[in-house]
Amino acid sequence: MTMLQHAILVLLLPLASAVVIALFLRRQGAVASWLSTATAGAIAAISIILLLHGERFENSIEWLRFGDFAVSLGIKFDDLAALMLFIVGCVGFLIHVFSLGYMHDDAARARFFGGLSIFMFSMIGIVLADNLFMIFIFWELVGFSSWLLINHYHHKQSAADAAKKAFIVNRVGDFGFLLGIIMCYWLNGTVNLSELARLGDTHALVFSLALPLLLFCGAVGKSAQMPLQVWLPDAMEGPTPVSALIHAATMVAAGIYMLCRISVLMVPDVLTLIMWVGTATALYAALCAVVQRDIKKVLAYSTLSQLGCMVAAFGLGSNLPGHDGGGTAVLAAGGAAAMFHLTTHAFFKALLFLGAGSVIMGCHHEQDIFKLGGLRTKMPVTFITFTIGVLAIIGLPGLAGFFSKDAILYLAMEKNTAVFAILAFTAVLTSFYMVRLWKITFLGEARSDAAKRAHESGLTMTLPLIMLAVLSVAGGYSGVFGQLAGSVAELVPEAHGSAHTIILMVSLAVMTVGAGSALLFYKTAATDTLEEQARVLFAGLTWLKESFDRLYDYYVAKVQQRFAMLLNFLEQIFLAGLIIRGFAGIVGMIGYGARALHTGSLHAYVFWFLFGAALLWAFAAGVF
């Protein structure tokens, strides 16, 4: 079997799994779960084969044609696709295995695993697509599968509302994305990724400020950047494995992957905007995470913050030394740092979410961290692996997160001092709220009956935690990840002499300040110390968290709804009233008059005949 056939197989396997589950296994939850998991295992194995084989290829077939316009279905398998496919395949498989235990008693697990298979098909489609139209098709399928899985507990109003919110907010960003794709075809005559790259190499590519801005809208929605970040925290209403797979490791990272795919279309001004959007999102989400009590909400805002760092890294490449105005070398550097952090983040954030899921299951679905505590001895495997995830995300030297975070900090230090300061402060906040979460959840005494009756999870749940913990440690050392992400090796501080010392000192400082503050500040965990001792700060951060939702609620209720009522009034008066009913009335009057002439009376017909003849005679005689 050729590598191309392997790639086609890895795309079609999850689709076949979803079809079989939907048609034949809707009431066979156990069989459906094992089928979906076995399919995910095959995808992981094939992704590793494709990663290590080294062969890179492209192939496409024409799907639709309208005159000169054609839409193709094709595969572009390069180093970037190999890296992303490995992340989706391997992390997705481990999350499937975890779900076997987590969803074991769920009556609708066949629907759940069918949704996971649909998502794997959609995400792999984005990874392998060779053109923007094909990416958009799978982009929308990812949105659909996200809605389906967030809405798994559809009997809960909060879950139904969260699913609708995620779907609608993403449509806002996707509308801009679609306009950008259309504009790209209009300006350059193609949306094929390789053809766009060749146009860029020959300086025949048409650059536009609006084009990359519109395409960036897709990333703003899918990767939950400001101001469309409001859907991601609410998406935690879905089952925890969904949060790990879709809203931490893969789907939300699709926006960063897409940006790297279209980097040739970027211009410096747009890159600067992207940099500031990512930086603002990173800081905003970190501030919001400080006041969260729900274990999954803390991790959700942490994901928002880390995604902001990735987006900032992509934009940070705009003015590095050696920038020639075209952006080629710069974008390679920024994209490399973003993809490197995307890779390590997929490992440790999936670990943290699954660890949270293990805690939720072990504590009988209790999610308030201030009602937990004392889990260190009751759930030792979860405690150790979760601790590794926390150390990775706060950037402990030697773990995966340290290397990728340092690559971004180095870029920021070279590019923009203000961004560097903000991202460094964000790293302090990350250390603070993650150590706060870890200490309150696992240390001290149990503070509820649920925590007192806590128990360790089964093997299907703890084994993925162990595997992800290994990846969270080793991911930063793998030369494969570095090479596939781009010129990451040049970004790691060790290659920069004095910069190594500076970045290392910064990393140690921000980690120590953040983690030390959390350990000292939260001496007791019965109540939120920040809320008690800094009420003004706590209230301000809470308001910051809720401000966007309130703004959107005001817009929908006071602006959009009233504007819709005005349009409805105008439609009823002018369109339905004057135009439609008015013309209908005129035609009706003409018909009524015509019917009045047909009375069936011979005398009337003779009268009208003589009247018409006299009228014609008068006209012919020139009387008129």
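Hey, any hits in segment 197-206 for a residue that's open to solvent by less than 30 Å² (accessible area, probe 1.4 Å) and assigned to a loop (DSSP other than H, G, I, E, B)?
Taking every residue of segment 197-206 in turn, at least one turns out to be open to solvent by less than 30 Å² (accessible area, probe 1.4 Å) and assigned to a loop (DSSP other than H, G, I, E, B).
For Thr527, state whether it is open to solvent by less than 80 Å² (accessible area, probe 1.4 Å), of a type in the set (Ser, Thr, Tyr), under 19 Å from Arg293 (Cβ atoms) and at pLDDT below 80.
yes
Would you mind stating whether Gly395 is more than 25 Å from the chain's Cα centre (by Cα), within 21 Å of Leu520 (Cα to Cα) and open to solvent by less than 40 Å² (accessible area, probe 1.4 Å)?
Answer is no for this residue.
Considering each of Phe177, Phe167 in turn, give the residue that is closer than 28 Å to Val10 by Cα, at pLDDT 95 or above and touching a Gly at 6+ places or on another chain (Cβ under 7 Å).
Phe177
Scan segment 174-192 for residues that are assigned to a helix (DSSP H, G or I) and more than 21 Å from the chain's Cα centre (by Cα) and report the count.
Result for segment 174-192: 7.
Take segment 453-469 and flag every residue that is assigned to a helix (DSSP H, G or I) and open to solvent by less than 40 Å² (accessible area, probe 1.4 Å).
Residues satisfying the conditions are Met461, Thr462, Pro464, Leu465, Leu468, Ala469.
Please determine whether any residue of segment 543-552 is in contact (Cβ under 8 Å) with a residue 12 or more places away in the chain and among the charged types (D, E, K, R).
Within segment 543-552 (the criterion being in contact (Cβ under 8 Å) with a residue 12 or more places away in the chain and among the charged types (D, E, K, R)), the answer is yes, since at least one residue qualifies.
Can you confirm whether Phe425 is surrounded by fewer than 24 Cβ atoms within 10 Å (Cβ to Cβ), at pLDDT 90 or above and farther than 30 Å from Ile49 by Cα?
yes
Among the residues of segment 118-128, write down those that are open to solvent by less than 10 Å² (accessible area, probe 1.4 Å) and touching a residue at least 60 places away in the same chain (Cβ under 8 Å).
Phe119, Met120, Met123, Ile124, Gly125, Ile126, Val127, Leu128
Being in a helix (DSSP H, G or I), over 16 Å from Ala474 (Cα atoms) and open to solvent by 10 Å² or more (accessible area, probe 1.4 Å): is that true of Phe403 here?
Judged against the criteria, Phe403 is not a match.
At least 3 residues that are over 30 Å from Phe538 (Cα atoms), open to solvent by less than 10 Å² (accessible area, probe 1.4 Å) and in contact (Cβ under 8 Å) with a residue 40 or more places away in the chain in each: list the helices (runs of 4 or more DSSP H) lying fully within segment 211-309 that qualify.
254-261
The values are calculated or read from the model by the stated rules, or taken from the named source; none is laboratory data. From a predicted model like this one, the values you see are computed outputs, not experimental measurements. Cβ sites come from the backbone with ideal geometry, for glycine too, and all protein chains shown count toward neighbours. Heavy atoms of the whole protein, side chains included, go into the accessibility calculation; ligands, DNA and RNA do not. Shrake-Rupley method; radii C 1.70, N 1.55, O 1.52, S 1.80 Å.
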